[in-house]
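I have placed the structure first, in the form of structure tokens, so that the comments after it can refer back to it.
Just so you know, all these numbers are worked out from the coordinates, no wet-lab data involved. A quick note: this is a predicted structure, and the numbers were derived from the prediction, not measured. Every residue, glycine among them, receives a Cβ derived from its backbone with ideal geometry; neighbour counts consider all protein chains shown.
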Amino acid sequence: MSATFFRYDGTVRTVLGEAISGAAIAVLTQPADTSTQPGSPLATIYSAPNSNAPTVTAASWLAGTVTLTLNTVPADIVPESFIEVIGLNPAAYNGIAEVVSVDPVAKTVTFDLPLNPGTFVSGGTLRTSALPNPLQSDNLGNYFFYATSGIYTVQIYDLPALPGEQLVLADQNVVAGGGTGSVTSVALNMPAEFAVSGSPVSSAGTLGVTWANELANRVLAGPASGPAATPNFRALVPADFPAGVGTVTSVALTTTVPAALLSASVTGSPVTTTGTLAIVITLANQPANTVFAGATSGGVSAPTFRALVAADLPGVLLQSVSVSLSSADLLALLGTPKTLVAAPGAGFTIVPLMILIEFFGGTVAYTDAGGAVSFSIGSASEALASNAIFLVTVAPNKGIQRFGPLLATDTAGNPPSDENAALTISKATNNFAAGDGTAKILVQYLILPTT
């Protein structure tokens, strides 16, 4: 609460005009009873034109001292000032008390209360700057208090210079009227955007103002066009929006993807009112045994679908290949070596672990005029101890020979010739003659880096 109170000033003097200090002054509301000292009912009075109203959040009593915890400590609560406790439960906490101590950090206030008021149940509020009623005249006989506007009776007693005397000042008007007439009704008019309650006030009452009900989607704004005018609730118009704010009537969507890799389609475009845009992206068809990968060598480049190369695979990956040799291949091994494993790429070499030769005899046996069948990687070459597996004369027949690993040493140059070289089968000196048998060569090998 932050209410305004009005000041009343008075003085207590003898008949000769001498100031009387220490006289008791009781301020009574109407109708006042002065048959006792002090009389009743006692009014709530203050020492300042405004009173704060912090909320009491907790209260406790110990050995005659009450401690109140507040939500905030106003500046006018200081030791020896008076406060009025209102609405606290239990009610024994309520009343006017003199402040003993204040802790702004803990937000606590203490005052004396001889009897235990009971266990705190719920909070109330404080009125600050309160005065005890009755109060006393000062050493010049003066006194003053603040109270809400109204009619009061001021009862003066305990006069040190006039023992036993009592002075009653009845019907003291705090904030007297400005004229001799009276107002019998006060009404309040407001614009149509507001609703008024409690009007008119003919004796006592409260005028209330609230927003009137409005239609949905209405805003309080000046006129839709033309000169300045009183604002009212209305629908928005285009001119209310900042420049550049328009209305979208159609939204379309297109998409472009690399044709060699992807295909895409858009549905629902354009959207002119409501709708859903959908993009479907699928992979384009690709040849068998191709993968989506970057370049096989060199710098960074856009990925494409391509066949794997040796550099794509870990060097320790065991690989195998099976290559068939026709009779024409076998008859031409001297001049036309047959590639079993392709060159792996720069910085890599082939390491055969085992070579398995399967020969299938035909109707005519091969003859051999000399020269070994050998397996080569660059200049590294190792020959079969015998060509006998290719010279079988019984048909039908099948022969198997195991060979490896290839232990030849390459001293042909730097870098050596067996780096990035294919594994081949060939024959030295003379070709086989006549025969029509076939063969299949199975190779198990590693691709290892040489850098």
Go ahead and collect, in residue order, the members of segment 9-33 whose backbone nitrogen is under 15 Å from a label point 7 Å along the Cα-Cβ direction of ASP138.
-> 9-12, 19-23
Taking r as the C-beta separation of THR276 and THR451 and R0 as 45 Å, the FRET efficiency to the nearest 0.05 is 0.25
How large is ³J(HN,Hα) for each residue in segment 355-368, as worked out from phi by the Karplus curve 6.51 cos²θ - 1.76 cosθ + 1.60 (θ = phi - 60°), to whole Hz, x for Gly and Pro?
-> 10, 10, 9, 10, 10, 10, x, x, 7, 10, 7, 6, 10, 10
Along segment 327-335, Karplus-curve 3J(HN,Hα) (6.51, -1.76, 1.60; θ = phi - 60°) to the nearest Hz, with x for Gly and Pro, reads 4, 5, 4, 5, 6, 10, 4, 5, x
Starting from 0 in steps of 10 Å, tell me what percent of the Cα-Cα pairs of segment 319-449 lands in each bin.
-> 13, 45, 30, 10, 1
Residues with amide H under 5 Å from that of PHE348, placed H, sequence gap 5 or more = ASN420, THR450
What distance in nm separates the simple spin-label points at PHE241 and ALA106, each placed 7 Å from Cα in the Cβ direction?
-> 6.1
Charge-dipole axis of the chain as Lys and Arg at +1 and Asp and Glu at -1 on Cβ define it, positive-most pick from THR254, THR339, GLY268 | THR339
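Taking neighbour Cβ counts within 10 Å as the exposure measure, how do PHE6, PHE348 sort from fewest upward? Don't skip to the answer; put the middle values down first.
Details: PHE6 15, PHE348 22.
So the ranking, lowest neighbour count to highest, is PHE6, PHE348.
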THR210 versus VAL323, label points 7 Å from Cα toward the beta carbon: distance in nm?
-> 9.7
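Show me 95-106, 258-269, 129-140 ranked by packing, highest mean number of other Cβ atoms within 10 Å first. Kindly include the intermediate steps, with their values, before the conclusion.
Values: 95-106: 14.1, 258-269: 12.4, 129-140: 17.7.
The densest-packed peptide leads the list: 129-140, 95-106, 258-269.
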Förster radius 56 Å - calculated FRET efficiency between VAL248 and ASP33, Cβ distance, rounded to 0.05 | 0.10
From the coordinates shown, Cα extents along the principal axes in Å corresponds to which of (i) 165, 69, 42; (ii) 74, 54, 47; (iii) 63, 50, 42 | (i)
Using the Cα centre as the reference, give the magnitude of the dipole from point charges on the C-beta atoms of segment 319-449 (Lys, Arg: +1; Asp, Glu: -1; all else neutral), rounded to the nearest 20 debye.
-> 240
